[in-house]
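Peer 1: Input: one structure, supplied below.
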Amino acid sequence: MTAAAPLGEFVARAQAGGALVVQPRMGFSDPATMRAGLAATKAAAATTVGTITLDSYTRVGDDEAVARALRERTPLNGYPIVALPRSTSQAVLDGLRDATFPVQVRHGSATPDRIFAALIELGLDATEGGPVSYCLPYSRTPLREAVASWRRSCRLLAATAGRGAAPHLESFGGCMLGQLCPPGLLVAITLLEALFFVQHGLRSISLSYAQQQNPEQDRQALAALRRLAGELLPGVEWHIVLYAYMGVYPRTQGGAMRLLGAAAELAVGAGAARLIVKTAAEAHRIPTIADNVEALELAAGRAARAARRDDRGPGDEPDDEVYLEARALVEAVAGLDPDVGRALLTAFGRGLLDVPFCLHPDNAGRTRSYVDDRGWLRWSDTGAMPIPAARPGRPTGRLTAAGLLAALSGVQRRYDEGAR
Amino acid sequence: MNITQSPAGPSILVTGTSSDSHTWNLVYLQLLLEEAGCRVTNLGACVPPVLVAAECLARDPDLVVVSSVNGHGGADGLRLIEVLRAQPDLAGTPVVIGGKLATDGLRNVGLVRRLRAAGYDAVFDNGDLARFRTLISRLSARVAS
Ligand code: B12
């Protein structure tokens, strides 16, 4: 086995040295292309972590469909790590994953038992997801089954510690549905998933947050996340990973790159250690290797020139709105049951956590959000969540298809304006 | 699942494909169809073909709208229509599909032809909404008369 860099340690070292770690969301079904993608990520002029993103059939466990696609050479939207022979995947990683280049497996599976088993067999030790964030937006699997599977999977991964591996798990909770979820709930879900990971033995984790529509609100959210992580995760190695905008992306090259640049600046300014980039192809198709390298280098360049975080950020104020909302949610849920998994089930069952616009059968579906005229995400209906009810000035009319599309495409519109 | 009532209009089943977890497309289509006076049942994401077939048999919709954007829509769409058309009671049910059906973002003439040949009544590759609205207003007129 190669002496690979543990992801948590690698990121901490980069952050201490003043570099933002940048990472693609890259996955190809052809092993040679996958290897070329990892090699290009490693060679990019940036401090990078490699990514193997898995295809949707592997995510939902549809072996037959993977087998058919491989047989008929139909391109998949990611790398089928479970179906391909381990020797093939070893050859993909061989010589690339080393002390300067950790590799993370990204999937989106509500029941990841076989994915975890496969990556552990390959000597990989970094992946991501969570019982809520990979269930509600990614499946129709009952939340109860996802919690049970993630419990088993976390323990399996945690048990590799010391055997040449330094397991790292990232919560995807800060990206719920990609867009239109007010930050207080995003921050609460990623923290609750982190507590779940820690309860099942993990000691190196990352907490996520996705760039939304207003930089000031994003800075508040990241400050709240940092502060709450400090309070809730003593003795755990953790860092914050920011995702470049996860909603409807600008269609122009110029707009897409400007939005990515803004994400890099936000990451540096708000103390995130790692950034998951998006490419100029995002609005159109699966990005190529070249699209990814361009995005990695642009983000790294912008980060290197950006101003460092000011330690007296707005999040350190006691009355910060996102902080108070996230803390209220985490406390209400954690107080339900000493077992975090059971607490999450009860919370969703009672609508104490309730993701707006989420169609999953185990989500209560009584909350609604909107984008205000400054681009802040706000609640128009808080349902049964234990947070202050919506403020005056919220839209009261019925949501229309055009209204939804306008809210979803606000960022695209602003960044495409005047760009090519 | 999400069901809305608007007594007179056509009844429409909206569904994602078996491997696709995107839902904003489904929420959007539901609102659009409701505004056009349709009654919509939205099955949500990652729906296996057998479940779509069972819902069709139970509800006898005037139209089934399949939406996929994750890049597997072509392959998933073919498997789904095979299962639906294999049911004698669903042989004549109108079924359309649309979204981003492949991973390369190109209009794929061959794929559209294969989907039509396999039994889809219309294919909206790269989500052609103007043509879709025309289809819905025709359907509404037919159901109302
Ligand atoms: C938000 C988002 C997500 C969210 C989804 C949350 C959720 N529950 O919905 C999350 C983060 C979870 C996600 C996950 C993934 N995503 Co995604 N996602 C997006 C994103 C950024 C926006 C999609 C969106 O919300 N659009 C808003 C809705 C209203 O518009 P729409 O979906 O485009 O649909 C419009 C038309 O297509 C049309 N339409 C759609 N269906 C139909 C049907 C008919 C009949 C008609 C007439 C019209 C029609 O109507 C809509 C309005 O115009 C897009 C990229 C982008 N557009 O910027 C990628 C994108 C769709 N995702 C993509 C992929 C590949 C994935 C993943 C597989 C991960 C990965 N490898 O990157 C997983 C999916 C896993 C799975 N099992 O399927 C790809 C698909 C590539 C392709 N088709 O070539 C895209 C294009 C990004 C990219 N460039 O790689 N995603």
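Peer 1: Confirm whether residue A:362 is among the acidic types (Asp, Glu) and within 14 Å of chain B (Cβ to nearest Cβ).
Peer 2: Yes; evaluated as a whole, the condition is true for this residue.
Peer 1: Same structure, new question: Limited to the range B:59-83, what total is found for residues that are away from chain A (no Cβ under 13 Å), in a helix (DSSP H, G or I) and buried (at least 22 other Cβ atoms within 10 Å of the Cβ)?
Peer 2: 1
Peer 1: If I ask for residues that are within 16 Å of the ligand (Cβ to nearest atom) and more than 13 Å from residue A:409 (Cα to Cα), which ones from the range A:232-254 would you list? Show your work before the answer.
Peer 2: If we filter the range A:232-254 for residues that are within 16 Å of the ligand (Cβ to nearest atom), which is where we start, we get A:241-254.
The answer is A:241, A:242, A:243, A:244, A:252, A:253, A:254.
Peer 1: Answer with yes or no whether residue A:349 is free of Cβ contacts under 8 Å to residues at least 40 places away in the same chain and within 16 Å of the ligand (Cβ to nearest atom).
Peer 2: Values: free of Cβ contacts under 8 Å to residues at least 40 places away in the same chain: yes; within 16 Å of the ligand (Cβ to nearest atom): no.
Spelling it out, it is not the case that residue A:349 is free of Cβ contacts under 8 Å to residues at least 40 places away in the same chain and within 16 Å of the ligand (Cβ to nearest atom).
Peer 1: Based on this model, can you work out whether residue B:90 counts as of a type in the set (A, V, I, L, M, F, W, C) and within 14 Å of chain A (Cβ to nearest Cβ)? I'd like the intermediate steps shown before the answer.
Peer 2: Working: of a type in the set (A, V, I, L, M, F, W, C): yes; within 14 Å of chain A (Cβ to nearest Cβ): no.
For residue B:90, the condition - of a type in the set (A, V, I, L, M, F, W, C) and within 14 Å of chain A (Cβ to nearest Cβ) - is not met.
Peer 1: In the range A:112-141, how many residues are within 14 Å of chain B (Cβ to nearest Cβ), surrounded by fewer than 22 Cβ atoms within 10 Å (Cβ to Cβ) and either of a type in the set (Gly, Ala, Ser) or in contact (Cβ under 8 Å) with a residue 40 or more places away in the chain (or both)?
Peer 2: Here the count works out to 0.
Peer 1: Out of all the residues in the range A:215-237, is one or more touching a residue at least 40 places away in the same chain (Cβ under 8 Å), part of a strand (DSSP E or B) and touching a helix residue (DSSP H, G or I) at 6+ places or on another chain (Cβ under 8 Å)?
Peer 2: Yes, the conditions are met somewhere in the range A:215-237.
Peer 1: Being charged (D, E, K, R), outside any loop (DSSP other than H, G, I, E, B) and without any contact (Cβ under 8 Å) to a residue 60 or more places away in the chain is the filter here, so list the residues in the range A:375-413 that pass it.
Peer 2: The first filter runs over the range A:375-413 and keeps only residues charged (D, E, K, R), leaving A:378, A:381, A:391, A:394, A:398, A:413.
Within this subset, residues satisfying the condition of being outside any loop (DSSP other than H, G, I, E, B) are A:378, A:381, A:413.
Hits for the range A:375-413 are A:381, A:413.
Peer 1: Looking at (1) surrounded by 15 or more Cβ atoms within 10 Å (Cβ to Cβ); (2) more than 14 Å from the ligand (Cβ to nearest atom); (3) part of a helix (DSSP H, G or I), find the lone condition where residue B:115 falls short.
Peer 2: (2)
Peer 1: Right, next: Pull out all pairs, ordered by first then second residue, where Cβ-Cβ is under 7 Å, the residues are six or more apart or on different chains, the first lies in the range B:126-145 and is within 28 Å of residue B:103 (Cα to Cα), and the second is part of a helix (DSSP H, G or I) and more than 7 Å from the ligand (Cβ to nearest atom).
Peer 2: Within 7 Å, the pairs are B:136/B:33.
Peer 1: Continuing with the same structure: Looking at A:192, A:156, A:177, can you tell me which residue is in contact with a Phe, Trp or Tyr (Cβ under 9 Å, 6 or more places away or on another chain) and crowded, with 19+ Cβ neighbours inside 10 Å? Before the answer, list the steps.
Peer 2: Working: A:192 fails: in contact with a Phe, Trp or Tyr (Cβ under 9 Å, 6 or more places away or on another chain); A:156 fails: crowded, with 19+ Cβ neighbours inside 10 Å.
Among A:192, A:156, A:177, only A:177 is in contact with a Phe, Trp or Tyr (Cβ under 9 Å, 6 or more places away or on another chain) and crowded, with 19+ Cβ neighbours inside 10 Å.
Peer 1: So which of B:107, B:131, B:39 ends up being basic (Lys, Arg) and more than 14 Å from the ligand (Cβ to nearest atom)?
Peer 2: Selected residue: B:39, the only one of B:107, B:131, B:39 that is basic (Lys, Arg) and more than 14 Å from the ligand (Cβ to nearest atom).
Peer 1: Tell me, which helices (runs of 4 or more DSSP H) wholly within the range A:4-117 include 2 or more residues that are over 17 Å from the mean Cα position of the chain (by Cα) and within 16 Å of the ligand (Cβ to nearest atom)?
Peer 2: By residue number, A:31-43, A:56-60, A:63-72.
Peer 1: Further question on the same structure: Out of all the residues in the range A:184-215, which are more than 16 Å from the ligand (Cβ to nearest atom), at negative phi and not hydrophobic (A, V, I, L, M, F, W, C)?
Peer 2: Matches in the range A:184-215: A:184, A:199, A:200, A:203, A:204, A:206, A:214, A:215.
Peer 1: Among the basic types (Lys, Arg) and free of Cβ contacts under 8 Å to residues at least 24 places away in the same chain - does that describe any residue in the range A:55-68?
Peer 2: There is at least one residue in the range A:55-68 that is among the basic types (Lys, Arg) and free of Cβ contacts under 8 Å to residues at least 24 places away in the same chain.
Peer 1: All but one of (1) part of a loop (DSSP other than H, G, I, E, B); (2) touching a strand residue (DSSP E or B) at 6+ places or on another chain (Cβ under 8 Å); (3) more than 30 Å from residue A:342 (Cβ to Cβ) hold for residue A:202, so report the exception by its number.
Peer 2: Among (1) part of a loop (DSSP other than H, G, I, E, B); (2) touching a strand residue (DSSP E or B) at 6+ places or on another chain (Cβ under 8 Å); (3) more than 30 Å from residue A:342 (Cβ to Cβ), residue A:202 violates only (3).
Peer 1: Further question: Could you please give the count of residues in the range A:271-306 that are surrounded by 24 or more Cβ atoms within 10 Å (Cβ to Cβ) and of a type in the set (Gly, Ala, Ser)?
Peer 2: 4
Peer 1: In the range A:399-420, how many are hydrophobic (A, V, I, L, M, F, W, C) and away from chain B (no Cβ under 14 Å)?
Peer 2: 1
Peer 1: Within the range A:28-84, count every residue that is crowded, with 18+ Cβ neighbours inside 10 Å, among the acidic types (Asp, Glu) and closer than 22 Å to residue A:94 by Cα.
Peer 2: Here the count works out to 1.
Peer 1: Oh, and also: What's the number of the only condition in (1) out of contact with any Pro (no Cβ under 7 Å at 6 or more places or on another chain); (2) of a type in the set (Ser, Thr, Tyr); (3) within 14 Å of chain B (Cβ to nearest Cβ) that residue A:58 fails to meet?
Peer 2: Here residue A:58 clears every test but (1).
Peer 1: Can I ask one more? Quick check: is even one residue across the range A:292-312 within 19 Å of the chain's Cα centre (by Cα), within 14 Å of another protein chain (Cβ to nearest Cβ), within 16 Å of the ligand (Cβ to nearest atom) and closer than 29 Å to residue A:408 by Cβ?
Peer 2: Scanning the range A:292-312, I find no residue that is within 19 Å of the chain's Cα centre (by Cα), within 14 Å of another protein chain (Cβ to nearest Cβ), within 16 Å of the ligand (Cβ to nearest atom) and closer than 29 Å to residue A:408 by Cβ, so the answer is no.
Peer 1: Right, next: Which of (1) assigned to a loop (DSSP other than H, G, I, E, B); (2) closer than 25 Å to residue B:59 by Cα is the odd one out, the single condition residue B:127 does not satisfy?
Peer 2: Condition (2) is where residue B:127 drops out.
Peer 1: Given the conditions (1) of a type in the set (Val, Ile, Thr); (2) away from chain A (no Cβ under 14 Å); (3) assigned to a loop (DSSP other than H, G, I, E, B), and given that residue B:103 satisfies all but one, which numbered condition is not satisfied?
Peer 2: Among (1) of a type in the set (Val, Ile, Thr); (2) away from chain A (no Cβ under 14 Å); (3) assigned to a loop (DSSP other than H, G, I, E, B), the lone unmet condition for residue B:103 is (2).
Bear in mind these aren't lab numbers, they're just calculated from the coordinates by the rules spelled out. A quick note: this is a predicted structure, and the numbers were derived from the prediction, not measured. Reconstructed Cβ throughout: ideal geometry from the backbone, glycine too, with neighbour counts over all protein chains shown.
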